[in-house]
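Report on the following structure.
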Amino acid sequence: MLTIRIGNLTFASPVLTASGTFGYGDEVSDLVNVDLLGGIVTKSVTLHPREGNPPPRISETPFGMLNSIGLANVGVEKFCKEKLPKFKKMDTHVFVNIAGYAIGDYVETLERIEVEDSTISGYEINVSCPNVKKGGMQFGVDPKLTEQLTRALRDKTDKILILKLSPNVTKIEDIAQAAVAGGADMISAINTVVGMGIDIATRRPSLNTVFGGLSGPAIKPIALANIHKIYKSVSVPIIGIGGISSAKDAIEFMLAGADLVQVGTSNFINPAIGINIISELKSYCEKENIKSLHDIKGKLEYQ
Ligand SMILES: Cc1cc2nc3c(=O)[nH]c(=O)nc-3n(C[C@H](O)[C@H](O)[C@H](O)COP(=O)(O)O)c2cc1C
């Protein structure tokens, strides 16, 4: 009853882990059986290794957190050598999240991964990281650039291509439509919401970069609104992300139009949260006599 079919992929459950909040899946394998998840999405991989932003780059907020990690990662070369082979041992879908500063960066990174013999199911394209001062952001706020980027990547892969959208835009529907026009198979949303915190004792911002990305339960209503807008504007499958920490949250996203969900910040409180949500979803379906979670997609009722 939790099985979801999307194209030629079968997801054992609709719950995946979100980029940047679950490493590469292997770090937590002592604590969590990742094979029980519907899938994992890796931390963003870039063409070259990145140290990320200087600390403080994480700060707690009421019902959430701010981060300005700045895409710290090992770079695609080391990723292919050290991380990619480990995914072969995992019996779940792995999506590699890619970020870049120019269309060429994204394309080169994807092409480098494509030539490896790997079992990954596809790519999630980060067009929306608000932490990086240069680049990245412009793709996600501009429909033309989003379409161009998507098309350039579509030309290079037959694997599932997911475009991950930012909520920090005027009209997310336009960006979603552009991604689909460029050949995206799916849309995921949302990435973090621009935010800042202030320490009144030092009168300094809580993050070194001043502005950062807000995540966690605080952003759930923003995420739900964005998912519903996307659902109303495109017909490709949608992955809901933003403040999910229970089966109830996941079901709200499905009613708003999501096929699958990703759990992010909640993993820092409990890395097994995704698996707990899966068993809660099973109980919910049994209790409500729901044969397939596909049946509740977009079933929000209003005039
Ligand atoms: C510490 C941290 C690091 C993140 N790193 C990435 C990243 O590398 N790439 C990306 O696309 N999203 C990244 N995200 C965004 C999450 O994947 C997710 O879209 C966002 O946090 C909203 O979901 P949540 O409220 O469940 O955390 C990061 C989020 C956090 C909190």
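Could you pull out every one of the aspartates and glutamates with an alpha carbon less than 16 Å from that of Lys282, ignoring same-chain neighbours closer than 8 positions?
Hits, sequence-local ones excluded: Asp249, Glu252, Asp259, Asp295.
Can you tell me the relative contact order of region 4-296? Whole percent, Cα pairs under 8 Å, sequence separation 6 or more.
Relative contact order for region 4-296 comes out at 19 percent.
One quarter of the convex hull surface, Cα atoms only: what value does that give for region 1-156 in nm²?
10.7 nm²
Stokes-Einstein D for region 129-219 at 37 °C, 0.692 mPa s, Kirkwood Rh over Cα pairs, in µm²/s?
228 µm²/s
Based on the alpha carbon coordinates of the chain, what radius of gyration and maximum Cα-Cα distance (Dmax) apply, in Å?
18.0, 55
Taking the Cα-to-Cβ direction at Phe268 and at Gln148 and moving 7 Å from each Cα, how far apart do the two end points lie in nm?
About 3.5 nm separates the two model spin labels.
Per-residue HN-Hα couplings for region 153-163, Karplus 6.51 cos²θ - 1.76 cosθ + 1.60 at θ = phi - 60°, whole Hz, x for Gly and Pro?
7, 4, 5, 9, 8, 9, 6, 4, 10, 10, 9
Under a plain spin-label model, where a point goes 7 Å from the Cα along Cα-to-Cβ, how far apart in nm are His48 and Lys78?
My value for the distance between the label points is 1.4 nm.
What pairs in Lys89/Lys297; Lys43/Lys232; Lys144/Lys232 have C-alpha atoms more than 26 Å from each other?
Lys89/Lys297; Lys43/Lys232, as the Cα separations exceed 26 Å there.
Which parts of region 152-180 would a label at Thr119 reach, counting a residue when its backbone N lies under 19 Å from a point 7 Å out along Cα-to-Cβ?
Residues 159-160 qualify, since their backbone N sits under 19 Å from the label point.
Considering only DSSP beta bridges whose two residues both sit in region 4-296, what percent are antiparallel, to the nearest 5?
If we restrict to bridges inside region 4-296, about 35 percent are antiparallel.
Looking at region 68-175, which GluC sites (Glu not before Pro) are in a loop (DSSP not H, G, I, E or B) and have at most 16 other Cβ atoms within 10 Å?
Here the sparse-neighbourhood loop sites are Glu116.
Leu66: net charge of surrounding residues, Cβ under 15 Å, Lys/Arg +1, Asp/Glu -1, itself excluded?
Net of charged neighbours comes to 0.
Could you pull out every one of the aspartates and glutamates with an alpha carbon less than 12 Å from that of Lys164, ignoring same-chain neighbours closer than 8 positions?
Glu124, Asp185
Which order do the peptides 94-100, 5-11, 262-268, 138-144 come out in when sorted by mean C-beta neighbours inside 10 angstrom, highest first?
So the peptides 94-100, 5-11, 262-268, 138-144, ranked by packing, come out 94-100, 262-268, 138-144, 5-11.
Okay, helix-only estimate at 222 nm for the chain: each DSSP H run of n ≥ 4 adds -39500 (n - 2.57), divide by all residues, round to 500 deg cm²/dmol; what do you get?
About -8500 deg cm²/dmol.
Would you pull out the residues with amide H under 5 Å of Val194's amide H, same chain only if 5 or more places away, H placed 1.01 Å from N?
Here Leu214 satisfy the definition.
Using per-residue counts of other Cβ atoms within 10 Å, averaged over each peptide, order 208-221, 18-31 from highest down.
Top to bottom by mean Cβ count within 10 Å: 208-221, 18-31.
Step through the residues of region 230-240 one at a time and calculate ³J(HN,Hα) from phi using the Karplus curve (6.51 cos²θ - 1.76 cosθ + 1.60, θ = phi - 60°), rounding each to whole Hz and writing x for Gly and Pro.
With the stated coefficients, region 230-240 comes to 5, 4, 6, 10, 9, 10, 6, x, 10, 10, x Hz.
Report ³J(HN,Hα) in whole Hz for each residue of region 257-264, in order, from the Karplus equation J = 6.51 cos²θ - 1.76 cosθ + 1.60 where θ = phi - 60°; Gly and Pro get x.
x, 7, 8, 10, 9, 10, 10, x
What ratio of Cα Rg to 2.2 N^0.38 Å holds for region 73-116?
Rounded to two decimals, the normalised Rg is 1.18.
FYI, it's all coordinate maths here, none of it is from the lab. This one's a predicted model, so the numbers in the text were calculated from it and none came from an experiment. Note: ideal-geometry Cβ built from the backbone for every residue, glycine included; neighbour counts use all protein chains shown.
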